[in-house]
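To start, the structure itself, in structure tokens.
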Amino acid sequence: MMRLTSRWLALPAIALAFGMACSGGSPPKAPTAEPTVALDAASMTAGYAGRGPFGAGVTTIDLVDTSRGTAENREAPALAERRLPVEVWYPAAPGVSAPEARDVPLADDGPYPLVVFAHGFSSFRRQSATFAQHLASHGYVVASPDFPESNIAAPGGPRLQTVLEQPDDVSFVIDELLARGEMPDGLLAGAIDPDRIGMSGHSLGGMTAMLTGYGTTADPRVRAIVPISPPGCMLGDDRTEGPATPTMVIGGSRELIVAPSSIHDAYERAGVPKYYVEVIGADHARFGDFDITDEELGDFVDEASRGDLTEDANAIADATGADLSACEEGGAPPGDALITGERQRELMRIAATPFLDAYVRDDAMAMRFLHEALPSLAGVRVEMDLGSD
């Protein structure tokens, strides 16, 4: 049994501080735009950074998976089902007040692509609401569940090893959202295009995205994934084999919770096409909607895990075939100047939005932006491997 320090993992118990204070086949390829069409990088960058043409609606749905149970956890008894409250953002008619409006009508230009977002360890479904609102304004439905065993309010406390159950939770959420989209009535009637599904997630949620995109737990309906700050050191080769899902890994150069080298390891394990976007001066926590730096987190990871961090990490390694020695590496030493959380999240949007447009929507100009404009964007370092044609 190896020992782990508290500064290595998933979105640690940021939510605790926050609460106290307040595919089966070949990878899809986007078509190539006509070379005579000019790429207006400046206006596209501004467009990806800012709100899109839609308003952002939001609703909450309570899902119950009766086919799978929830394990006993410390003092909390086992349950025969898995309960997943889900926050769903969706395109609303233009003019809906920002940042979101609850239960307003769906815009009538659907169906829209679906993106499932996975929260981090000891966090919650609204941890990245601004990112979800942004995607909704750009014409996406975004579903973000509270995972039954890793969210901040999980009975018995959040557990790390339950990330292994979360790909099945994601698939269940997709099933339920598609079913609601096919109903003739209801807020989400006609909302979702079943052939255009993507996924993102932060920290432990980034690992959930990797497990949903690769290996034995992959959901072939997911066309592309955006893992943000995933702990790649917890992924073994057997969990990243099989057909490749287009992947964009995003991380920060000043991360102290997950080492930048561990985030880059997730990129190394991904199949092609793949992209790595390092946001210069970004830390871990503030990819979510948290105004707290990594340095200010203190011992929240240890407090949230209640002493089970090492045991849970070893259980994950047993299942994934990971070598956890890489997880012992510390975070990034001071180097790049720390940027604001607002700028950090803006650069994340500028990278993630065109990636989803390119690989989920088959948007040719978005693909050109990724290849021609993103590498020279101030504030990021970009690697990519597109494979051979």
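The values are calculated or read from the model by the stated rules, or taken from the named source; none is laboratory data. For clarity, every value in this text was computed on a predicted model and none was experimentally measured. Note that we place each Cβ from the backbone using ideal geometry, even for glycine, and neighbour counts take in every protein chain shown.
Side notes on the structure shown:
- Region 189-226 - residue that is assigned to a strand (DSSP E or B) and among the small types (Gly, Ala, Ser) and, of those, farthest from Val104 (Cα to Cα): Ala224
- Subset of region 255-279 (residues that are modelled with pLDDT under 95 and of a type in the set (Lys, Arg)): Arg269
- Meets criteria (closer than 30 Å to Asn314 by Cβ and touching a His at 6+ places or on another chain (Cβ under 6 Å)) for Gln161: no
- Gly330 being farther than 22 Å from Ala209 by Cβ, touching a Lys or Arg at 6+ places or on another chain (Cβ under 8 Å), at pLDDT 95 or above and not in a helix (DSSP H, G or I): no
- Whichever residue in region 254-284 is surrounded by fewer than 20 Cβ atoms within 10 Å (Cβ to Cβ) and among the small types (Gly, Ala, Ser) and, among such residues, is farthest from Tyr214 (Cα to Cα): Gly281
- In the set Pro28, Pro35, only one residue is modelled with pLDDT under 95, surrounded by fewer than 19 Cβ atoms within 10 Å (Cβ to Cβ) and touching a strand residue (DSSP E or B) at 6+ places or on another chain (Cβ under 6 Å); that residue is Pro28.
- In region 50-69, the residues that are in contact with a Lys or Arg (Cβ under 6 Å, 6 or more places away or on another chain) and among the hydrophobic types (A, V, I, L, M, F, W, C): Val58, Val64
- When region 377-389 is limited to residues that are farther than 13 Å from Ala351 by Cβ and small (Gly, Ala, Ser), the one that is nearest to the chain's Cα centre (by Cα) turns out to be Gly387.
- Per-region count, region 97-130, residues of a type outside the set (D, E, K, R), part of a loop (DSSP other than H, G, I, E, B) and crowded, with 20+ Cβ neighbours inside 10 Å: 8
- Conditions (1) part of a strand (DSSP E or B); (2) surrounded by fewer than 22 Cβ atoms within 10 Å (Cβ to Cβ): number failed by Gly186: (1)
- Looking only at residues of region 227-254 that are outside any loop (DSSP other than H, G, I, E, B) and more than 21 Å from His119 (Cβ to Cβ), we find that the one that is modelled with the lowest pLDDT is Asp238.
- Among (1) of a type in the set (Ser, Thr, Tyr); (2) under 24 Å from Ile339 (Cα atoms); (3) not in a helix (DSSP H, G or I), the one test that Tyr267 misses: (3)
- Restricting Asp168, Asp175 to those that are at negative phi, within 18 Å of the chain's Cα centre (by Cα) and assigned to a helix (DSSP H, G or I) reduces the list to Asp168.
- The residue pairs whose first member lies in region 375-389 and is surrounded by fewer than 16 Cβ atoms within 10 Å (Cβ to Cβ), whose second member is in a strand (DSSP E or B) and not hydrophobic (A, V, I, L, M, F, W, C), and whose beta carbons are closer than 6 Å, counting only pairs six or more residues apart or on different chains, are Arg381/Glu278; Glu383/Tyr276; Asp385/Lys274.
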